[in-house]
Amino acid sequence: MGDAQNDHEQAARLPEGDVVAVLLGQHGRIKELFGQVKQSGGEARKNAFDELRSLLAVHETAEEMIVRPVSADTAGKAVADARNAEEAEANKVLAQLEKMDVSSAEFESLLERFEQSVLQHAEKEETEEFPAVRAGCSEDQLEKMGRRLLAVEKVAPTHPHPMAAGSPTAQWMTGPFASMVDRVKDALSKS
């Protein structure tokens with residue numbers, strides 16, 4: 001798996017709005033945010049982690065709702081199920097991290113392990129899932145999926161919800177309510 005710049009370059013080579021281009025761009029941003037969290041301190045670290053947490057929450061929710069049903073058909077059910085299971089586990093760890101003091105040694109240790117698992121997960125998406133989705137869909141389908149993914153992200157939960165993670169059905173059933181609660185919580189924390 002490449003660095004953030006490589007992900008952005010790969011995304012730029014794909015048609016604008018293509019679901020894989022959108023996801024690769026987000027993978028690049030996630031890598032950048034991990035770096036910002038690790039390199040900063042105090043309020044800047046908290047803000048970088050909050051952005052990372054929010055991006056991961058909406059990104060994974062949208063993948064489960066939009067990409068996984070297609071990848072189950074194109075890459076196979078085992079691949080889609082494995083990615084959903086990884087996301088469910090990541091959601092639990094993200095919920096733990098969210099409760100920690102970002103300046104603690106415990107946070108740093110868990111963040112390091114979490115980053116490695118997220119990067120491994122993204123690598124599997126990029127090598128096992130995305131090529132199959134691109135090969136199994138027309139450009140129009142890929143662009144439609146990209147639009148749907150971005151629309152879902154606008155209303156997806158911004159905090160981890162381990163009970164729904166890893167299940168597209170649970171995401172569709174609980175996501176809108178969880179999103180409303182999360183967005184109110186986010187607004188109140190900034191006031």
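Tell me which of these V102 doesn't satisfy, since it passes every other one: (1) in a helix (DSSP H, G or I); (2) at pLDDT 95 or above.
Failing condition for V102: (1).
Looking at (1) within 12 Å of the chain's Cα centre (by Cα); (2) closer than 16 Å to E125 by Cβ, which is the one condition that is false for S54?
If we test S54 against (1) within 12 Å of the chain's Cα centre (by Cα); (2) closer than 16 Å to E125 by Cβ, just (2) comes out false.
Say we look at the stretch 44-64 and pick out the residues that are hydrophobic (A, V, I, L, M, F, W, C) and farther than 13 Å from L23 by Cβ; which of these is surrounded by the fewest Cβ atoms within 10 Å (Cβ to Cβ)?
The extreme case among them is A44.
All but one of (1) under 18 Å from the mean Cα position of the chain (by Cα); (2) at pLDDT below 95; (3) in a helix (DSSP H, G or I); (4) of a type in the set (A, V, I, L, M) hold for M173, so report the exception by its number.
M173 satisfies every listed condition except (1).
Filter the stretch 53-77 down to residues that are part of a helix (DSSP H, G or I) and small (G, A, S) and give me whichever is nearest to A90 (Cα to Cα).
Top of the filtered list is A57.
Taking interchain pairs and intrachain pairs at least six residues apart, which have beta carbon atoms under 8 angstrom, with the first residue in the stretch 66-81 and on the phi < 0 side of the Ramachandran plot and touching a residue at least 12 places away in the same chain (Cβ under 8 Å) and the second outside any loop (DSSP other than H, G, I, E, B) and polar (S, T, N, Q)?
That search, which allows pairs on different chains as well, returns R68/N84; V79/S71; A80/S71.
How many residues, within the stretch 94-113, are buried (at least 18 other Cβ atoms within 10 Å of the Cβ) and either in contact (Cβ under 8 Å) with a residue 24 or more places away in the chain or farther than 16 Å from S40 by Cα (or both)?
Qualifying residue count for the region: 4.
List the residue pairs whose Cβ atoms are under 7 Å apart, where the first residue sits in the stretch 5-22 and is more than 15 Å from L150 (Cβ to Cβ) and assigned to a loop (DSSP other than H, G, I, E, B), the second is among the basic types (K, R) and modelled with pLDDT under 90, and the two are 6 or more positions apart or on different chains.
Qualifying pairs under 7 Å: none.
Hey, among the residues in the stretch 129-162 that are at pLDDT below 95 and of a type in the set (V, I, T), which one's surrounded by the fewest Cβ atoms within 10 Å (Cβ to Cβ)?
V155
Between residues in the stretch 34-54 that are over 18 Å from Q5 (Cα atoms) and of a type in the set (S, T, Y) and residues that are crowded, with 19+ Cβ neighbours inside 10 Å and modelled with pLDDT under 95, which pairs lie under 8 Å by C-beta distance while being six or more apart or on different chains?
If the second residue must be crowded, with 19+ Cβ neighbours inside 10 Å and modelled with pLDDT under 95, the pairs left are S54/T158; S54/H159.
The values are calculated or read from the model by the stated rules, or taken from the named source; none is laboratory data. This one's a predicted model, so the numbers in the text were calculated from it and none came from an experiment. Here Cβ is always computed from backbone atoms with ideal geometry, including for glycine, and neighbour counts include all displayed protein chains.
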